[in-house]
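Input: one structure, supplied below.
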Number of protein chains: 2
Amino acid sequence: MSDFIGETTDLLRRTPDLLRVLLGGIGEAWTDTTDVPADGWRPKDVVGHLITGELTDWVERTRRILEHGTSMPFDRFDRLAHENRDSDASLDELVERFATLREENLTRVAGLVNEDDLDRRGLHPSLGEVTLRELLATWAVHDLDHVSQIFAGMAGSHDAEVGPWKAYLGILLRREDPAAVAG
Amino acid sequence: MSDFIGETTDLLRRTPDLLRVLLGGIGEAWTDTTDVPADGWRPKDVVGHLITGELTDWVERTRRILEHGTSMPFDRFDRLAHENRDSDASLDELVERFATLREENLTRVAGLVNEDDLDRRGLHPSLGEVTLRELLATWAVHDLDHVSQIFAGMAGSHDAEVGPWKAYLGILLRREDPAAVAG
């Protein structure tokens, strides 16, 4: 296993436990607020979106690159697939579902990808040619991006409680003005 | 213990394990980049800043409110105290130091604060009058704010590796332009 694959899957392997520590059994007072006030996502939406990635994106696109190269573009990613699929599940159930899928997918990728494959190319329907290395790095950074979104929603749930300290808390200021700078 | 105290300390109690899961034994490829390109903080700086909060801020200010009310303002918080103090420590050592301090401080606060105390007031040197409830809520949201900063640095460490997908990854775009919107 190359350094790149080992390093990337090391991050990917941490995300399920991270979500368990952050969200397991936590009260709705922390999880019932969206990351941004308008059209935002609650933590439950974010975990649902991560589940969609495990179901339809990362490993499927890895296979597409290995089997078809740039001759067959990736399927488009449905960013809202979780909305109907997960409406009856609890947040804890979704975190466990994600953890199971992630573990299965890391096993699959370990069996599919070698260091020599990382420069192989696929065709993204909007972005054009991409490499397998870029796909795997994006999988990991996508985790970081969306877990940050969970943090923003959790912070937002206590926007009113911090009183005047809000002026120092960039995570709250940026929910309303992305360019805000904490004092 | 009131719902507010229980709910707030529930979040505060999770942060050490969160940092262990995220950072424990991880390679420098993920941790040697700052959250923003200019004058940013590496994960090690962020954990150092959280340690400073445990050493000099949250519990000290709680005591100040309970002992002096608004008659004696809080001491100012040294946002850069970690720079010299922690330069020889490893990231893993800092996470464990933080975990020990946090556990001690949660025990202290449990012995100091009752629900009836939450509306008691203190004097912030810049913000003016604040309540103990606001101080405790800020302690928790401050954790979320700074752990998000760690995520931004970790994502930034792989900025080049994601290739054209950067256009979709807000966590990378915002490092360079806070108002950027992912495509």
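Taken together, the values in this text are just the output of simple stated rules run on the coordinates, not laboratory data. Keep in mind that this is a model prediction, so the values were computed, not measured. Please note: Cβ atoms are built from the backbone with ideal geometry, for glycine as well, and neighbour counts cover all protein chains shown.
Return the distance in nm (one decimal) between the two label points of a simple spin-label model at B:A182 and B:T107, each offset 7 Å from Cα along Cα→Cβ.
About 4.1 nm, to one decimal.
Sticking with this structure for a sec: How large is the helix-only mean residue ellipticity at 222 nm for the protein assembly as shown, computed as the sum of -39500 (n - 2.57) over DSSP H runs with n ≥ 4, divided by its residue count, in deg cm²/dmol to the nearest 500?
-18000 deg cm²/dmol
Now a separate question. Which Cα, out of B:L66, A:W165, A:T56, lies furthest along the positive dipole direction of the protein assembly as shown (beta carbon charges, K/R +1, D/E -1)?
About the Cα centre, the residue reaching furthest to the positive side is A:W165.
Between B:E129 and residues 5 or more places away or on another chain, which pairs have amide H atoms under 5 Å apart, with H built 1.01 Å from N, and which residues are they?
Under 5 Å from the amide H of B:E129: B:H124.
Under the Karplus relation 6.51 cos²θ - 1.76 cosθ + 1.60, θ = phi - 60°, what is the ordered set of whole-Hz ³J(HN,Hα) values for the stretch A:47-53, x standing for Gly and Pro?
In residue order, the calculated couplings are 4, x, 5, 5, 4, 4, x Hz.
Now for a separate question. Which residue in A is nearest the A/B rotation axis when you measure from the C-beta atom, and what is the distance in Å?
A:A179, 2
Given H placed 1.01 Å from N in the peptide plane, which residues other than close sequence neighbours of B:D159 have an amide H under 5 Å from its amide H?
Here the answer is none, since no amide H 5 or more places off falls under 5 Å of that of B:D159.
To one decimal in nm, how far is B:M72 from the same spot in the other copies, if labels go 7 Å from Cα toward Cβ? Please give the shortest first.
Its label point is 7.4 nm from the equivalent points in the other copies.
Something else about it: Quick one: compute the contact order of chain A, relative version, from alpha carbon pairs under 8 angstrom and 6+ residues apart, as a percent.
About 33 percent, as a whole number.
If you don't mind, another one. Copy-to-copy spacing for B:V36, label 7 Å out on the Cα-to-C-beta vector, in nm, shortest first?
Values, ascending and in nm: 1.8.
Could I get the Rg over Rh figure for the stretch B:31-183? Both from C-alpha atoms, Rh via Kirkwood, rounded to two places.
When Rh is taken as the Kirkwood radius, the ratio is 1.06.
How far, in nm to one decimal, is A:A167 from itself in the other copies if the label point is set 7 angstrom along Cα toward Cβ? Shortest first, please.
4.1
Report the Stokes-Einstein translational diffusion coefficient (µm² s⁻¹, integer) for the protein assembly as shown, Rh taken as the Kirkwood radius over Cα pairs, at 25 °C with viscosity 0.890 mPa s.
114 µm²/s
Is there a quick way to get the dipole size of chain A? I mean about its Cα centre, with the Cβ of Lys and Arg at +1 and of Asp and Glu at -1; what is the value in debye to the nearest 20?
My answer is approximately 180 debye.
Please check: in the Gaussian network model of chain A (C-alpha springs, under 10 Å), which one of A:N105, A:N84, A:N114 has the largest mean-square fluctuation.
In this elastic network of chain A, the residue with the biggest mean-square fluctuation among A:N105, A:N84, A:N114 is A:N84.
Given the convex hull of the Cα atoms of the stretch B:7-63, what is a quarter of its surface area in nm²?
Result: 5.1 nm².
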